[in-house]
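Chemist: Let me begin by handing over the structure; questions about it come next.
The values are calculated or read from the model by the stated rules, or taken from the named source; none is laboratory data. Keep in mind that what you see is a predicted model, and the values were worked out from it rather than measured. Neighbour counts are summed over all protein chains in view; Cβ atoms, including those assigned to glycine, are modelled from backbone coordinates with ideal geometry. Keep in mind that these areas ignore ligands, DNA and RNA; they rest on the heavy atoms of the full protein, side chains included. Shrake-Rupley method; radii C 1.70, N 1.55, O 1.52, S 1.80 Å.
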Amino acid sequence: MLVDINVLQLADSPRLGGCSEEFVRSLASSGAELAPIVVHRGSMKVVDGAHRLRAAALRGYSSVEVEYVDGPAEEVFVLSVSLNLATLSTADREAAARRLLRSRPQWSDRAIAASTGLAAKSVGVLRRAVGGRAANRVGRDGKVRPVNSAAGRRLAGEMIEARPSASLRDIARAAGVSPGTVRDVRRRLNAGLDPVPERMRAAEKADAEVPAARAEVRAPASTLPILRRDPSLRFNEHGRLVLRWLEAHAVSSGEWAAVVDGVPSHCRELVADMARGCAEVWAQMAEALEQESRRQAV
């Protein structure tokens, strides 16, 4: 179907660098027939084909061939990532995964991995860096499953004891667990065991003991001078490297707040994603340093 170029809108690009002007010019001058552009019908946003759209404009076309896709508007970015996986860099896919982890924390690691072309283990690492947990996860099959079904197991155990003749499915539906889980809970109760296996109780305890974020962090202006004067850093190759990193990236809250309004609108998402990515890497380094300190203190 031919559609007027002017009614089409560019969606959020899954590419950190946006469109490649060089590729657009190459495509425009090639003379090759342009494949249809994939467009979300409800919003008229381009899901796949931003380079082809701009190449068509350079050729002077007033309309382009499109293929429509339907669905919720909030799924446009997910679909765009999926359709462009072959041309996305690892950094692009990781940035997309971080975005999905923030906007859809209930999605399982496997579901996000399938959408971004990453390994599920890699998504798990990114999830820990991004932070935020959901009580339930939605798998690739669309089914909702609890991250830790300890509470559901306990409720199922109570219902089995109160209604021993109830079917597995009735208890599963009421407790929010699978019939297989109810069967295992019944087996454990008959054996005189806790309905929640020890590994689940340990995971539940670990979740409850996750330390809260620090309420106060030293200001760079007061910390950097102390580190600069420390000879063990100044006269150590790795120490000097760390000092250079800290000096290059030290930003106080007052400084960043003053420049936010001045960042051009078309760059804001890219700057935000890079800032968040740097923060995640620094957080990983901070955790490694603290773990090393704890290890040496033992």
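Chemist: Please calculate how many Å² of accessible area the chain carries per residue, with a 1.4 Å probe and no DNA, RNA or ligand atoms counted. Could the numbers behind the result be given before it?
Modeler: Numbers: 19050 Å² over 298 residues.
That works out to 64 Å² for each residue.
Chemist: Additional query: Taking Cα atoms of the chain, Rg/Rh with Kirkwood Rh, to two decimals?
Modeler: Values: Rg = 26.0 Å, Rh = 23.9 Å.
A ratio of 1.08.
Chemist: Could you work out the Kirkwood radius for the stretch 46-127, taking every pair of different alpha carbons, averaging 1/r and inverting it, reported in Å?
Modeler: For the stretch 46-127, inverting the mean 1/r across all distinct Cα pairs yields 14.0 Å.
Chemist: Can you list the equivalent-ellipsoid semi-axes of the stretch 1-80, largest first and in whole Å, using the square root of 5 times each Cα gyration tensor eigenvalue? If you can, show how the numbers build up before the last one.
Modeler: Details: eigenvalues 86, 46, 16 Å².
So the equivalent ellipsoid measures 21, 15, 9 Å along its semi-axes.
Chemist: Which helices count as membrane-span-like in the chain under these terms: full DSSP H, at least 27 Å along the axis by C-alpha, Kyte-Doolittle mean of 1.0 or more? Working shown, then result.
Modeler: Values: long enough: 268-297 (43 Å, -0.56).
Long hydrophobic helices here: none detected.
Chemist: Report the residues of the stretch 89-129 in range of a label on residue 75: point 7 Å along Cα→C-beta, backbone N strictly under 16 Å from it.
Modeler: 104, 107-108, 111-112, 114-116
Chemist: When only Cα pairs under 8 Å and 6 or more residues apart are kept, what is the percent relative contact order across the chain?
Modeler: Details: 302 pairs, mean separation 34.0, N = 298.
Relative contact order here is 11 percent.
Chemist: Ignoring any ligand, DNA or RNA, what whole percent of the accessible area of the chain comes from carbon and sulfur when the probe is 1.4 angstrom? Intermediate results must be reported in sequence, preceding the final value.
Modeler: Numbers: 10370 of 19050 Å².
Within the chain, the accessible surface is 54 percent carbon and sulfur.
Chemist: Compute the longest continuous run of the chain that contains no exposed GluC sites (Glu not before Pro); treat a site as exposed when its DSSP state is not H, G, I, E or B and it has at most 11 other Cβ atoms within 10 Å. Please list the in-between numbers first.
Modeler: Values: sites that count: 33, 209, 216.
Longest run free of exposed loop sites: 34-208.
Chemist: What number results when the radius of gyration of the stretch 1-143, computed over Cα atoms, is divided by 2.2 N^0.38 Å? Show your work: numbers first, answer last.
Modeler: On the way: Rg = 16.7 Å, N = 143, 2.2 N^0.38 = 14.5 Å.
Cα-based Rg divided by the globular estimate yields 1.15.
Chemist: Here's another thing I want to ask about it. Got a sec? What order do 29, 165, 20 fall in by accessible area at 1.4 Å, biggest, i.e. largest, first? Kindly include the intermediate steps, with their values, before the conclusion.
Modeler: Working: 29 95, 165 115, 20 50 Å².
Descending order: 165, 29, 20.
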